[in-house]
Amino acid sequence: MEQSRKKFLKNFFIGAVSVPVLIEACKKDVESNSGSTGSGNTGSGGSGSGSCAVAPTETEGPYPTHSPSSYVRSDIRDDRTGIAMTMNITVKNTNNNCSALAGAIVDVWHCDKDGNYSEYGTGYTNLHFLRGRQTTDANGLVNFTTIFPGWYNGRATHIHVHIFNAAGNSLKITQISFPEGSGSAVVAVNSTAGQAYGYTKGMSGYTYATSDNIFSDDTALVEQASVVGSLSGGYVLTHTINVAA
Amino acid sequence: MKKGRIIQFCYRKIIDNASEKQWEKYVFESSYKEFRMQAQLYNQDKKFRTIAEILHHVPAAERLHFLVSPSITGYIQQLKGIVPDVLDNLGKHFLHFEKYRFEIINSDIQDISHHQVAINFFSEPVEWIETIGNYMLITRSHEKADEENRLTHLVELKPFFSIYSLKEEV
């Protein structure tokens, strides 16, 4: 193995003249690249950067078109399975007698049934399941089609919400909690019956909202949504969030 | 027949204020807009201006690379799987990518001219047959010139274009 590696390196160095630069080029570390010389020009120039490089000899195009962020969607499930859940979130403006706030951008994200978020893993996939963005209508309402979130160590069941004005300036970063009493959706989903839908954690080791770092001070239950439905029929989450816009 | 080596290339495409092509400008503007939105998660007191400052003070903000990446997904799809800028010695785009990774190199919430991002394109596996001068002779596994001959490409290694992985055939 070591021999073959040496052989490879030897061949490689004979074949390529600018090896040190190349090895630097694909490092993903932010700092090392921010200091590299001429990175902007060389990279963005692309095909035209080298003095003796061939120029493109193909027909131009296809021409790029404007494309919205792939966050913008109502159905945020992607490949995630679980018990269906519809989220209806209404945004109201405390600076306008709590009337509906139209045109606000609402980002939501939550974990899957096993308690995992979409993120850069060891692979290079660019999945962003269970993350979405909608703009409120004239009634201040946005809808999302998703699955009932699972839970993970140290946290109660929750949905993250980030509300922006139309210009993208943050109005509120908050989380939505769920009722957890007997007969609640959280208890049903994490019961034996919920296992048929893939929710296998049960309630053992679950952190209730009253002990949760984020929700424990929410004694007035301002952050708690109404959640109604059934395992087979799915659930509907309804919640209102007041912002100062 | 000479045994080849299976390699994957990485092309690191840098996009910044100096980028001129329309596709690059779209990526530049969309990713900056999304960066400004997402950065507020980690900068609620508006104490920081640059991503370097945010990352220094809020380690969890490392997630920003991922969180901003959906802003360019549509533009990646418009490439239809072809690595941009990388040409063979005939001047044609030939390299296909399977994976990519977006990252923010620099940015400033108050000054778009400091925004700089990178898209790392990881090519499909190709067979490296020979090195001729500064060029690598490579072939895509399923491309044939005719029944007996395989189609080949000559490609020159350049800054920001490198070999990412290697598997020697036994």
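Just check the protein assembly as shown against the gyration tensor rule for me: Cα atoms, a ≥ b ≥ c as the square roots of the eigenvalues, rounded for a/c under 1.5, and otherwise prolate or oblate depending on whether a/b exceeds b/c. Judged from the Cα gyration tensor, the protein assembly as shown comes out prolate (a/c at least 1.5, a/b above b/c). The share of alpha-carbon pairs in the stretch B:19-67 lying farther apart than 13 Å comes to 57%.
Find the Cα radius of gyration of the stretch A:129-245, compare it with 2.2 N^0.38 Å by division, and give the number to two decimals. Working shown, then result.
Details: Rg = 15.1 Å, N = 117, 2.2 N^0.38 = 13.4 Å.
Its radius of gyration relative to the 2.2 N^0.38 Å reference: 1.12.
Note the angle between two axes, namely the Cα long axis of helix B:22-39 and the longest principal axis of the Cα atoms of chain B, as a number of degrees from 0 to 90, rounded to the nearest 10. Tilt relative to chain B: about 40 degrees. Exposure proxy for A:Cys111, A:Cys52, A:Cys98: other Cβ atoms within 10 Å of each Cβ, ordered fewest to most, give A:Cys52, A:Cys98, A:Cys111. Going from the residue with the fewest nearby Cβ atoms within 10 Å to the one with the most, B:Phe102, A:Phe129, A:Phe148 rank A:Phe129, B:Phe102, A:Phe148. Converting the Cα gyration tensor eigenvalues of the stretch B:5-168 into ellipsoid dimensions via √(5λ) gives semi-axes, longest first, of 37, 15, 13 Å. For the segment A:96-108, counting C-beta atoms of other chains within 10 Å of every residue's C-beta and taking the mean gives 0.
Once Rg and the Kirkwood radius are both taken over the C-alpha atoms of the stretch A:85-134, their ratio Rg/Rh works out to 1.15. Taking amide H atoms as placed 1.01 Å from N in the peptide plane, the amide H of B:Ile129 lies under 5 Å from those of B:Leu137, B:Ile138, B:Thr139, each 5 or more residues away in sequence or on another chain.
From Cα pairs below 8 angstrom and at least 6 apart in sequence, can you work out the relative contact order of the stretch A:84-243, rounded to a whole percent? The partial results should precede the final answer.
Working: 338 pairs, mean separation 46.3, N = 160.
After rounding, I find 29 percent.
Just counting partner chain Cβ atoms within 10 Å, what average do the residues of peptide B:11-22 show around their Cβ?
Mean inter-chain Cβ contacts per residue within 10 Å come to 5.
Shielding by partners for peptide B:62-72, expressed as the average number of C-beta atoms from other protein chains within 10 Å of each residue's C-beta, is 5.
Report relative contact order for the stretch B:106-170 in percent, whole number only (criteria: Cα-Cα under 8 Å, sequence separation at least 6). Kindly include the intermediate steps, with their values, before the conclusion.
On the way: 60 pairs, mean separation 12.9, N = 65.
Once divided by the residue count of the stretch B:106-170, the mean separation gives 20 percent.
Kirkwood radius and radius of gyration were both taken over the C-alpha atoms of the stretch B:119-160, and their ratio Rg/Rh is 1.03.
Exposed loop sites here are trypsin sites (Lys or Arg not before Pro) assigned a DSSP state other than H, G, I, E or B and surrounded by at most 11 other beta carbons within 10 Å; excluding them, the longest clear run of chain B is B:81-170. Residues A:Asp78, B:Asp85, arranged from fewest to most other Cβ atoms within 10 angstrom of their Cβ, appear as A:Asp78, B:Asp85.
Any idea what the relative contact order of chain B is, in percent, if you count C-alpha pairs under 8 Å spaced at least 6 apart? Averaging sequence separation for qualifying contacts and normalising by length gives 35 percent for chain B.
Taken together, the values in this text are just the output of simple stated rules run on the coordinates, not laboratory data. All values derive from a computational prediction rather than experimental measurement. We place every Cβ from the backbone using ideal geometry, glycine too, and count neighbours over all the protein chains shown.
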